[in-house]
Amino acid sequence: MKYTETMTFAPGSVSLPSGQTLSPQTKHMRAAVVNGGAPMSPEVARRVIRLFCEIRPPVRANYELSPHEVRLLKLLAEGHSYRTAAAELGVSAHTVSFHLRSIYDKLQVHSKSEAVSKAFRHGLIQ
């Protein structure tokens with residue numbers, strides 16, 4: 001069997017037996033993928049767009065941070081270290097660390113800079 005046309009838009013490639021050609025729709029989809037698009041039928045595209053229009057993120061997310069946690073975030077945003085934030089709040093550095101773990105969980109972040117950045121973006125601190 002002799003192979004003539006190769007489809008190279010997927011990992012690896014697929015060869016077609018000689019005598020077989022790609023349909024015009026398949027050629028169009030291949031060209032779209034090669035140019036950075038995604039093969040999607042018009043009906044699926046309409047459904048996806050409709051879904052995105054229906055689902056709206058909340059205007060302001062409620063992360064249920066305590067006033068103490070918000071105050072700690074403000075101090076960290078001002079550049080305080082754990083130790084200086086602890087002194088400002090009148091608690092130990094261990095307590096600050098405990099509250100930060102709670103903040104990380106509530107905001108779904110993994111670092112102090114992520115927490116401060118997300119707090120600014122979502123209007124939790126100003």
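Ordered by the number of other Cβ atoms lying within 10 Å of each residue's own Cβ, fewest first, LEU124, LEU89 fall into the sequence LEU89, LEU124.
Tell me, in nm to one decimal, what length is gained between SER97 and ARG121 on full extension, where the rule is 0.36 nm per residue of separation less the Cα-Cα distance?
6.4 nm
Here is the list for the stretch 25-126: GluC sites (Glu not before Pro) lying in DSSP coil, each with at most 11 other C-beta atoms within 10 angstrom of its C-beta, are GLU64.
Bear in mind these aren't lab numbers, they're just calculated from the coordinates by the rules spelled out. Predicted model only: the values in this text are computed from it and were never measured. For neighbour counting, all protein chains shown are included, and Cβ atoms are generated from backbone atoms with ideal geometry for every residue, glycine included.
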